[in-house]
Amino acid sequence: MRSKEDLQAAIRGPRRRAALVVNTRSRRGRRLFAASRRLLAEAGQSFDEVHPVGDPARLPDVLRDVLTRDPDLVVVGGGDGTIAEAVSHLARRDAVLGVLPLGTTNNFARSLELPVTLRGAVQVLRDGKVADVDVGHVAGRVFANMVSVGLSVDIAERVPHGLKRVVGRAAYGLTGAYRMLYHQPFRAIVEVDGKTYETVTHQLNIANGSHHSGRRFAGDASPDDRLLNVYRLGDRSRLRLTADMLAHLLSGPRRRLADDMFLNTSSEVRVITDPPLRIDVDGEIGALTPVTVGLLPNALKVLVPRSFVDR
């Protein structure tokens with residue numbers, strides 16, 4: 001495995017091996033694919049192979065095939081699900097991930113402090129630095145940003161794709177406001193660092209990144225802090241759930257991980273729910289609880305802005 005410095009030199013060198021993979025089914029992927037190619041070319045970013053992927057089910061095979069040629073850099077365009085799929089393939093590999101955030105919320109890109117404009121993201125690919133950041137793992141899957149249980153699963157399953165195309169990330173808020181009227185609270189048992197916590201809630205989040213629904217949940221959270229952050233939204237009451245969601249929107253960046261609402265650990269989080277519930281893994285619906293969520297420190301090499309604090 002090469003160091004960050006060696007990989008930085010490789011991706012800036014004349015003999016670099018690079019691939020571009022874009023999910024053209026993502027919210028902006030199809031519309032911006034041609035613009036991406038143009039802006040990348042103008043920024044001097046050339047690629048040995050380019051893969052527009054119109055069927056997301058093909059992404060795993062495309063990424064596996066790309067990695068057989070040992071690239072120095074794999075630039076991936078798409079939303080959180082696409083980036084999470086790329087992370088699952090590139091974690092603990094001798095290659096750098098570059099991100100073109102073309103989705104609706106772009107949570108992991110925001111956690112990396114990447115611009116969410118296409119031109120800004122291309123500038124980071126040209127001028128940024130290589131950092132090594134943490135990723136999580138759950139139920140045999142590697143994830144980039146967050147595992148959730150509760151209302152977010154209901155929203156992910158029901159948010160209309162047409163609405164996402166029209167109003168962007170506001171589609172999640174609108175769908176969530178409607179689904180709150182029907183969502184039932186659940187009992188959750190959380191085991192962290194030898195201690196057991198029990199709660200009744202509508203939403204439980206276990207985060208590696210720093211953003212949820214496109215907004216910061218804590219000002220000092222980072223995908224490079226060697227921590228998993230556990231917090232809930234709401235208790236039995238839908239009124240408390242509404243208040244917590246509004247607080248997330250309005251005051252998330254002012255919170256700190258030392259606040260009472262967070263449990264933070266550098267090891268594992270065990271989650272048991274009654275009844276068993278499906279989990280949301282970076283926007284993709286996954287296994288049923290109980291699950292154990294773990295951390296892989298510094299497992300992913302990724303291009304980030306020069307201002308990103310690489311711990």
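The values are calculated or read from the model by the stated rules, or taken from the named source; none is laboratory data. Note that the structure is a prediction, hence the values are computed from the model and not measured. All Cβ positions, even for glycine, are placed from backbone atoms using ideal geometry, and neighbour counts span all protein chains on display. All accessible areas refer to the heavy atoms of the entire protein, side chains included, with ligands and DNA or RNA removed. Shrake-Rupley method; radii C 1.70, N 1.55, O 1.52, S 1.80 Å.
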Kindly list the number of the only condition in (1) at pLDDT 90 or above; (2) surrounded by 15 or more Cβ atoms within 10 Å (Cβ to Cβ); (3) in a loop (DSSP other than H, G, I, E, B) that fails for N298. (3)
Number of positions in region 268-284 that are at pLDDT 95 or above, closer than 18 Å to G209 by Cα and open to solvent by less than 50 Å² (accessible area, probe 1.4 Å): 2
Exception for D235 within (1) at pLDDT 95 or above; (2) in a loop (DSSP other than H, G, I, E, B) falls at (1)
Specify which of the listed residues (V62, V74) is modelled with pLDDT of 95 or more, within 19 Å of V142 (Cβ to Cβ), outside any helix (DSSP H, G or I) and not basic (K, R). V74
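Answer with yes or no whether V22 is within 21 Å of A299 (Cβ to Cβ), not in a helix (DSSP H, G or I) and not acidic (D, E).
Numbers: within 21 Å of A299 (Cβ to Cβ): no; not in a helix (DSSP H, G or I): yes; not acidic (D, E): yes.
When the stated conditions are applied, V22 does not pass them.
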Conditions (1) surrounded by 12 or more Cβ atoms within 10 Å (Cβ to Cβ); (2) free of Cβ contacts under 8 Å to residues at least 40 places away in the same chain -> F33 fails only (2)
Restricting to region 36-58, name every residue that is open to solvent by 10 Å² or more (accessible area, probe 1.4 Å), closer than 13 Å to L20 by Cβ and not polar (S, T, N, Q). R37, R38, L39, A41, A43, F47, D48, E49, V50, H51, P52
Would it be correct to say that D220 is farther than 30 Å from A131 by Cβ and in a loop (DSSP other than H, G, I, E, B)? no
Condition set open to solvent by 50 Å² or more (accessible area, probe 1.4 Å) and among the aliphatic types (A, V, I, L, M), scope region 234-267, selection farthest from T199 (Cα to Cα): answer is L250
In region 123-169, anything part of a helix (DSSP H, G or I) and modelled with pLDDT of 95 or more is listed as Q123, V124, L125, R126, D127
